1. Select from the stretch 51-96 those chymotrypsin sites (Phe, Trp or Tyr not before Pro) which occupy a DSSP coil region and have at most 12 other Cβ atoms within 10 Å, ordered by residue number.
2. Filter the DSSP H helices in the chain by two things, a Kyte-Doolittle mean of at least 0.5 and an axial alpha-carbon span of 20 angstrom or more, and list the hits by number.
3. What FRET efficiency would be calculated for the residue pair Asp426, Glu400, taking the C-beta separation as r and a Förster radius of 22 Å, to the nearest 0.05?
4. Take every DSSP beta bridge with both residues inside the chain and express the antiparallel ones as a percent of the total, to the nearest 5.
5. Considering only Cα-Cα distances, which of the following residue pairs are longer than 21 Å: Lys45/Lys397; Lys98/Lys298; Lys351/Lys397; Lys144/Lys233?
6. For a quick check, take a GNM of the chain with Cα springs below 10 Å and name the residue from Ala382, Ala268, Ala394 with the largest mean-square fluctuation.
7. If amide hydrogens are placed 1.01 Å from N in the peptide plane, which non-local residues have theirs closer than 5 Å to the one on Leu170?
8. With an 8 Å Cα cut-off and a minimum separation of 6 or more residues, compute the relative contact order for the chain in percent.
Amino acid sequence: MSAQPSRADLEALWMPFTANRQFKASPRLLARAEGMHYWTADGRKILDGVAGLWCVNAGHGRREITDAVSQQIAELDYAPPFQMGHPTAFELANTLVKLTPGDLDHVFFTNSGSESVDTALKIAIAYQRLRGEGTRQRLIGREKGYHGVGFGGISVGGMVNNRKFFGSMLPGVDHLRHTLDLEHNAFSRGVPQWGAHLADDLERLVALHDASTIAAVIVEPVAGSAGVVLPPKHYLQRLRAICDKHGILLIFDEVITGFGRLGAPFGAQYFGVVPDIITSAKGLTNGAIPMGAVFVRKQIYDTFMNGPENAIELFHGYTYSAHPVACAAALATQKIYAREGLLTRGAELAKQWEDAVHSLRGLPHVIDVRNLGLVAGIELEARSGAPGTRGYDAFLKAYEKGILVRFTGDILALSPPLIIEPAQIDELIGVLSAVLKEIA
């Protein structure tokens with residue numbers, strides 16, 4: 001395809017989460033990538049401020065991953081995951097469980113964050129049944145939560161446009177209040193001080209439904225797609241305590257926060273809270289090959305390992321679970337993370353990152369800046385009668401000026417590759433500052 005394709009060249013593809021008609025009238029095509037940058041089809045260099053889509057944590061074009069994928073696909077292109085296995089899957093599993101907190105020492109492989117979430121929800125309900133609490137079928141999500149696009153994920157999720165078009169969702173789902181409060185916490189540096197009591201909303205739902213009906217609560221440690229919504233100080237600890245009190249499983253959706261985004265392998269370690277299940281994807285393979293993983297505590301796994309030895313313990317899985325090529329990409333990625341210290345590098349850069357993004361305070365229409373680790377959200381005042389248009393215009397202007405940011409409504413999200421250098425932080429925020437000064 002040429003660098004300037006016709007509308008007809010673009011029409012066959014129905015693009016996800018995209019204004020298709022607008023895009024096809026003025027397409028933005030990325031042709032190659034290396035390190036911290038993309039290059040467009042017409043040769044412009046773009047600084048990647050969002051790690052692709054929260055996933056390219058080690059930077060683009062890593063030769064080790066390319067070589068591992070090439071070697072694996074030549075040696076073993078596919079192996080059935082049902083009743084069969086291959087060595088790379090077990091090697092990867094043993095590598096990954098060394099990174100997880102506490103006794104989350106078993107992993108189930110999926111192909112995406114959406115599949116990881118639906119897997120975790122099914123495991124939670126099945127676990128409660130196996131331990132003799134079959135009435136525990138209710139799932140609790142949170143407003144503004146994003147848990148992928150499967151019916152389970154959008155049911156426990158709390159983003160209205162992801163839900164309103166698709167019917168009544170799964171039954172037996174309720175939601176905690178979200179933790180975003182600009183009145184109390186605008187321009188907080190790091191986790192906000194106000195709002196730990198919002199975790200007590202779970203007690204309200206327990207009183208409404210009774211604990212004997214609730215299987216699990218699922219939250220993102222940091223809600224990314226909703227615009228970088230941070231948990232107040234001690235909020236997650238309080239949520240953990242309430243779940244323990246009532247025998248409810250706590251699931252952390254770490255599709256975004258997993259693999260170094262906050263300066264620790266997982267958000268669970270950053271916040272010092274051990275959930276019962278962790279969902280992951282994205283940074284697992286550096287975005288090179290689709291893959292996800294669900295980590296469960298030993299007690300959950302052991303509860304399934306009963307009955308006749310020849311009986312299937314969990315009637316769930318995917319044709320491409322633990323795909324050999326995805327496993328090879330993930331192993332190569334983990335070796336890069338370990339060798340270059342990328343899972344903790346975010347902590348080293350966090351103060352500079354924080355100072356840089358908060359330098360945007362005071363610019364036109366900026367009503368909040370939120371940051372943690374190497375992630376930030378810049379919230380813009382919505383235009384009267386046209387919400388979301390200011391954020392979209394800022395996204396387009398940023399692209400024109402050579403940086404890639406993400407927008408969700410009027411919130412700009414930043415989550416650069418973990419290899420970002422201090423000078424590139426200054427470049428990214430400097431260009432964004434110029435953009436915000438130009439947006440009416």
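The values are calculated or read from the model by the stated rules, or taken from the named source; none is laboratory data. Worth saying up front: this structure is predicted, and the values here are computed from it rather than measured. With ideal geometry, Cβ positions are generated from the backbone for all residues, glycine too; neighbour counts draw on all protein chains shown. The protein model used for the area step is the full one, side chains on, heavy atoms only, and it has no ligands, DNA or RNA in it. Shrake-Rupley method; radii C 1.70, N 1.55, O 1.52, S 1.80 Å.
1. Tyr78, Phe82
2. Details: long enough: 113-130 (25 Å, 0.18); 324-340 (24 Å, 0.40); 342-358 (24 Å, -0.39); 422-438 (25 Å, 0.69).
The answer, listed by residue number, is 422-438.
3. On the way: r = 20 Å, r/R0 = 0.90.
Plugging the Cβ-Cβ distance into 1/(1 + (r/R0)^6) gives 0.65.
4. On the way: 32 of 48 bridges.
Roughly 65 percent of the DSSP beta bridges within the chain come out antiparallel.
5. Working: Lys45/Lys397 15 Å; Lys98/Lys298 13 Å; Lys351/Lys397 27 Å; Lys144/Lys233 18 Å.
Result: Lys351/Lys397 exceed 21 Å.
6. Per the Cα network of the chain with a 10 Å cutoff, Ala382 tops the list.
7. For Leu170, the qualifying residues are Ser155.
8. Working: 871 pairs, mean separation 93.4, N = 440.
Taking the mean separation of contacting Cα pairs over the length of the chain, I get 21 percent.
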